[in-house]
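S.K.: This is the structure I have questions about; it appears just below.
The values are calculated or read from the model by the stated rules, or taken from the named source; none is laboratory data. This is a predicted model, so every value here is computed, not measured. Glycine gets a Cβ as well: all are built from the backbone with ideal geometry, and neighbour counts include every protein chain shown.
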Amino acid sequence: MRIKNNPEKFGLIAVVLHWSIALATFFLFGLGLWMIDLAYYDTWYQKGPRLHEGIGVFLFFFLVIRILWRHFSPPPTALKNHKKWEKMSSKVAHIMLNILLLVITISGYLIVTAESDALSVFGWFSLPATLSKGASQADLAGDVHLVLAWAVIVLAAVHALGAIKHHLIDKDRTLKRMLGQ
Amino acid sequence: MKKILILLVAGLMNITAINSAQAEDYILDIEGAHAFINFKVKHLGYSWLYGRFNTFTGKFSYDELNPSAATVEIEIDTNSIDSNHVKRDKHLRDDEFLDVKEFPKSTFVSTSFNETGDGKIILKGDFTLNGVTKNITINAEHIGHGDDPWGGYRRGFYGTTSFKPAEYGLGGMDKLNADSAEVFLELSLEGIRQ
């Protein structure tokens with residue numbers, strides 16, 4: 001597979017970024033909801049949040065790379081059979097998905113670092129705290145993190161339904177193209 | 001009738017005048033942070049975890065000639081809980097524990113004050129946490145009193161008590177085992193005479 005995108009097809013980098021971000025998003029959503037209800041004595045009580053935070057940091061980096069890569073290597077043009085409303089709504093959905101995921105990952109970072117603690121990523125490296133306004137920051141960032149997590153999952157589900165509709169009803173190459181074909 | 005009323009009012013005014021002449025009113029030295037409300041709870045049954053409330057106000061009155069008339073009132077901002085761990089503190093503020101959005105204040109209002117000698121005090125009062133009020137006993141002691149170097153007059157007490165948060169509706173306590181069921185409070189209160 002080609003590395004860069006061309007007007008017809010996605011390249012390897014865009015495909016890998018897309019599917020790893022998708023996988024991380026759904027995994028972190030499930031892990032996040034599951035881990036906050038764990039009993040204190042559960043073996044995952046400490047491992048769960050560490051995993052969630054570490055993957056979250058990588059998700060953020062992947063998002064930044066995806067946004068930069070889009071400018072460096074523009075995605076293929078829309079298929080000819082796509083209707084105007086489909087192009088419009090998919091564009092809005094793509095922008096919203098990126099914005100929501102950025103705000104969610106940043107708000108997660110702001111919870112952990114609200115009282116100046118660094119965010120340790122699997123013990124490999126740490127992100128230092130920047131904005132540390134204390135308890136009110138942790139609570140507000142926590143509320144934003146949870147509400148927008150639900151919003152992004154709903155939007156991602158709509159986005160996936162759109163892809164399935166193109167594949168099964170319109171029988172076009174939209175979904176296959178996202179696999180690099 | 002009018003005369004009786006006037007007499008009554010005059011009498012009441014007299015009583016209050018006498019009382020206020022003797023009882024000394026103190027306000028906790030919050031500005032100088034010379035008052036502390038700390039807590040400790042066992043972690044896993046292996047060690048003590050310490051925390052404190054950073055924001056609270058309070059006052060007490062104390063009359064050396066009539067100590068049993070002393071009163072103590074404290075109002076704690078539950079949002080200010082601080083156990084030196086951002087995620088634990090956030091969890092403690094959540095509705096599973098202190099539910100600070102619903103119950104931003106916890107209060108203690110004394111109901112009796114008994115000196116038992118050697119500066120020891122049995123202080124009883126209504127403690128309100130998460131909207132639940134129970135009468136608790138604080139084992140207190142008089143630490144000292146006198147002029148401060150800055151022209152004021154101060155008096156300080158120290159006290160300890162314990163309570164079970166589950167009895168005040170802190171549902172998250174269910175997730176902790178019996179070792180952590182009881183929270184011990186330590187109060188160090190310095191007041192400035194008004």
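S.K.: In region A:110-128, which residues are part of a loop (DSSP other than H, G, I, E, B) and either within 10 Å of chain B (Cβ to nearest Cβ) or not small (Gly, Ala, Ser) (or both)?
M.R.: Hits for region A:110-128 are A:113, A:114, A:115, A:116, A:117, A:122, A:124, A:128.
S.K.: Is there any pair linking a residue in region A:13-41 that is more than 14 Å from chain B (Cβ to nearest Cβ) to one that is of a type in the set (D, E, K, R), with Cβ under 6 Å and at least six apart or on different chains, and which?
M.R.: A:17/A:66
S.K.: A further question follows. Kindly provide the set of residues from region A:42-61 that are within 12 Å of chain B (Cβ to nearest Cβ), exposed (fewer than 14 other Cβ atoms within 10 Å of the Cβ) and outside any loop (DSSP other than H, G, I, E, B), ordered by number.
M.R.: Across region A:42-61, the qualifying residues are A:45, A:46.
S.K.: Determine which single condition residue B:124 fails, assuming it passes every other condition in (1) touching a Ser or Thr at 6+ places or on another chain (Cβ under 8 Å); (2) touching a residue at least 40 places away in the same chain (Cβ under 8 Å); (3) of a type in the set (D, E, K, R).
M.R.: With (1) touching a Ser or Thr at 6+ places or on another chain (Cβ under 8 Å); (2) touching a residue at least 40 places away in the same chain (Cβ under 8 Å); (3) of a type in the set (D, E, K, R) applied to residue B:124, the lone miss is (2).
S.K.: Suppose we keep only residues that are outside any helix (DSSP H, G or I) and either in contact with a Ser or Thr (Cβ under 6 Å, 6 or more places away or on another chain) or of a type in the set (S, T, N, Q) (or both) within region B:71-92. Which one would you say is surrounded by the most Cβ atoms within 10 Å (Cβ to Cβ)?
M.R.: If we take residues in region B:71-92 being outside any helix (DSSP H, G or I) and either in contact with a Ser or Thr (Cβ under 6 Å, 6 or more places away or on another chain) or of a type in the set (S, T, N, Q) (or both), then B:72 is surrounded by the most Cβ atoms within 10 Å (Cβ to Cβ).
S.K.: Hey, can you tell me all the residues within region B:94-103 that are exposed (fewer than 13 other Cβ atoms within 10 Å of the Cβ) and in contact (Cβ under 8 Å) with a residue 12 or more places away in the chain?
M.R.: B:102
S.K.: Here is a check on your reading of the model: is residue B:61 of a type in the set (S, T, N, Q), touching a strand residue (DSSP E or B) at 6+ places or on another chain (Cβ under 8 Å) and within 30 Å of residue A:131 (Cβ to Cβ)?
M.R.: no
S.K.: Let me ask something else. Working only within region B:107-148, note down all residues that are farther than 23 Å from residue B:24 by Cβ and among the aromatic types (Phe, Trp, Tyr).
M.R.: B:127
S.K.: Quick check on region B:135-154. Is at least one of its residues of a type in the set (S, T, N, Q), assigned to a strand (DSSP E or B) and surrounded by fewer than 13 Cβ atoms within 10 Å (Cβ to Cβ)?
M.R.: Scanning region B:135-154, I find at least one residue that is of a type in the set (S, T, N, Q), assigned to a strand (DSSP E or B) and surrounded by fewer than 13 Cβ atoms within 10 Å (Cβ to Cβ), so the answer is yes.
S.K.: Exactly one of these conditions fails for residue A:116: (1) modelled with pLDDT under 95; (2) exposed (fewer than 15 other Cβ atoms within 10 Å of the Cβ); (3) farther than 21 Å from residue B:83 by Cβ; (4) not charged (D, E, K, R). Give me its number.
M.R.: (3)
S.K.: Could I ask something else about it? May I ask you to list the residues in region B:167-194 that are surrounded by 14 or more Cβ atoms within 10 Å (Cβ to Cβ), within 14 Å of chain A (Cβ to nearest Cβ) and either in a helix (DSSP H, G or I) or within 17 Å of the chain's Cα centre (by Cα) (or both)?
M.R.: B:172, B:173, B:175, B:180
S.K.: When you check residue A:81 against the structure, is it under 23 Å from residue A:160 (Cα atoms), assigned to a helix (DSSP H, G or I) and of a type outside the set (D, E, K, R), yes or no?
M.R.: Answer is no for this residue.
Rundown of residues vs (1) assigned to a helix (DSSP H, G or I); (2) modelled with pLDDT under 80; (3) buried (at least 16 other Cβ atoms within 10 Å of the Cβ); (4) in contact with a Phe, Trp or Tyr (Cβ under 7 Å, 6 or more places away or on another chain), yes/no style:
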{"site": "B:3", "(1), (2), (3), (4)": "yes, yes, no, no"}
{"site": "B:6", "(1), (2), (3), (4)": "yes, yes, no, no"}
{"site": "B:12", "(1), (2), (3), (4)": "yes, yes, no, no"}
{"site": "B:15", "(1), (2), (3), (4)": "yes, yes, no, no"}
{"site": "B:26", "(1), (2), (3), (4)": "no, no, yes, yes"}
{"site": "B:37", "(1), (2), (3), (4)": "no, no, yes, yes"}
{"site": "B:48", "(1), (2), (3), (4)": "no, no, no, no"}
{"site": "B:57", "(1), (2), (3), (4)": "no, no, no, no"}
